[in-house]
Amino acid sequence: MAYVVTEACIDIQDRSCMEECPVDCIYEGSRKLYIQPEECIDCGACEPVCPVEAIAPKRAVPADQRDFVADNARFFSEPLPGRDVPLGAPGGARKVGAVGADTALVSSLEQTR
């Protein structure tokens, strides 16, 4: 069970969670952050530092945000715009840097901020 970043992160990307993550499993899309479910060790260090409360354990994601559970996994399992292959589990966000793309769900949402 990994943690998931929900809609509240879109167009905010505070990155406090990235600084707290001991395994560097939080990746930066264009408009939102994503947690790599295979790399996440479920320590929960990211959750309390999120200023917009966008992070929750997968099992505790609110019903109106459940689409983000599958969408978070899709960020890593399906090719993103401009990429030929999925990101997969590259072993650390710092190694990859900002990805510069988002999933179709996030890209389809209107910018609110």
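Looking at ALA60, ALA73, ALA56, ALA101, which one is small (Gly, Ala, Ser) and touching a Leu at 6+ places or on another chain (Cβ under 6 Å)?
On the way: ALA60 fails: touching a Leu at 6+ places or on another chain (Cβ under 6 Å); ALA73 fails: touching a Leu at 6+ places or on another chain (Cβ under 6 Å); ALA56 fails: touching a Leu at 6+ places or on another chain (Cβ under 6 Å).
From the options ALA60, ALA73, ALA56, ALA101, the qualifying one is ALA101.
Working only within the range 11-29, note down all residues that are within 11 Å of the chain's Cα centre (by Cα) and at pLDDT 95 or above.
CYS17, MET18, CYS25, ILE26, TYR27, GLU28, GLY29 - these are the residues of the range 11-29 that are within 11 Å of the chain's Cα centre (by Cα) and at pLDDT 95 or above.
Would it be correct to say that GLY97 is open to solvent by 10 Å² or more (accessible area, probe 1.4 Å) and not aliphatic (A, V, I, L, M)?
yes
Among the residues in the range 58-65, are any outside any helix (DSSP H, G or I) and open to solvent by less than 60 Å² (accessible area, probe 1.4 Å)? Talk me through it step by step, then tell me what you get.
To start, the set of residues in the range 58-65 that are outside any helix (DSSP H, G or I) comprises 61-62.
Among the residues that remain, those that are also open to solvent by less than 60 Å² (accessible area, probe 1.4 Å) are: 61.
Yes; the residues of the range 58-65 include at least one that is outside any helix (DSSP H, G or I) and open to solvent by less than 60 Å² (accessible area, probe 1.4 Å).
Considering each of PRO86, PRO79 in turn, give the residue that is modelled with pLDDT of 95 or more, in contact with a Ser or Thr (Cβ under 8 Å, 6 or more places away or on another chain) and open to solvent by 50 Å² or more (accessible area, probe 1.4 Å).
Of PRO86, PRO79, the one residue that is modelled with pLDDT of 95 or more, in contact with a Ser or Thr (Cβ under 8 Å, 6 or more places away or on another chain) and open to solvent by 50 Å² or more (accessible area, probe 1.4 Å) is PRO86.
Yes/no matrix, rows are residues, columns are (1) out of contact with any helix residue (DSSP H, G or I) (no Cβ under 9 Å at 6 or more places or on another chain); (2) not in a loop (DSSP other than H, G, I, E, B):
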site	(1), (2)
GLU38	no, no
GLY44	yes, no
PHE68	no, yes
ALA89	no, no
LYS95	yes, yes
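Scan the range 16-33 residue by residue and report those that are part of a loop (DSSP other than H, G, I, E, B) and exposed (fewer than 14 other Cβ atoms within 10 Å of the Cβ).
Hit for the range 16-33 is PRO22, nothing else.
So which residues in the range 34-44 are surrounded by fewer than 16 Cβ atoms within 10 Å (Cβ to Cβ) and either over 15 Å from SER77 (Cα atoms) or aliphatic (A, V, I, L, M) (or both), if there are any at all? Reasoning before the result, please.
Initially, the range 34-44 is screened for residues surrounded by fewer than 16 Cβ atoms within 10 Å (Cβ to Cβ), giving 38, 41-44.
Listed by number, the residues that qualify are ILE41, ASP42, CYS43, GLY44.
So in the range 100-113, with the set limited to residues that are assigned to a loop (DSSP other than H, G, I, E, B) and aliphatic (A, V, I, L, M), which one is least open to solvent (accessible area, probe 1.4 Å)? Full working, then the answer.
Initially, the range 100-113 is screened for residues assigned to a loop (DSSP other than H, G, I, E, B), giving 100-103, 109-113.
Checking the rest, the ones that are also aliphatic (A, V, I, L, M) come to 101, 109.
Working: ALA101: 9, LEU109: 50 Å².
Across the range 100-113, the extreme among qualifying residues is ALA101.
The values are calculated or read from the model by the stated rules, or taken from the named source; none is laboratory data. For clarity, every value in this text was computed on a predicted model and none was experimentally measured. Neighbour counts are summed over all protein chains in view; Cβ atoms, including those assigned to glycine, are modelled from backbone coordinates with ideal geometry. Each accessible area value is taken on the protein alone, full model and side chains, heavy atoms only, with ligands, DNA and RNA left out. Shrake-Rupley method; radii C 1.70, N 1.55, O 1.52, S 1.80 Å.
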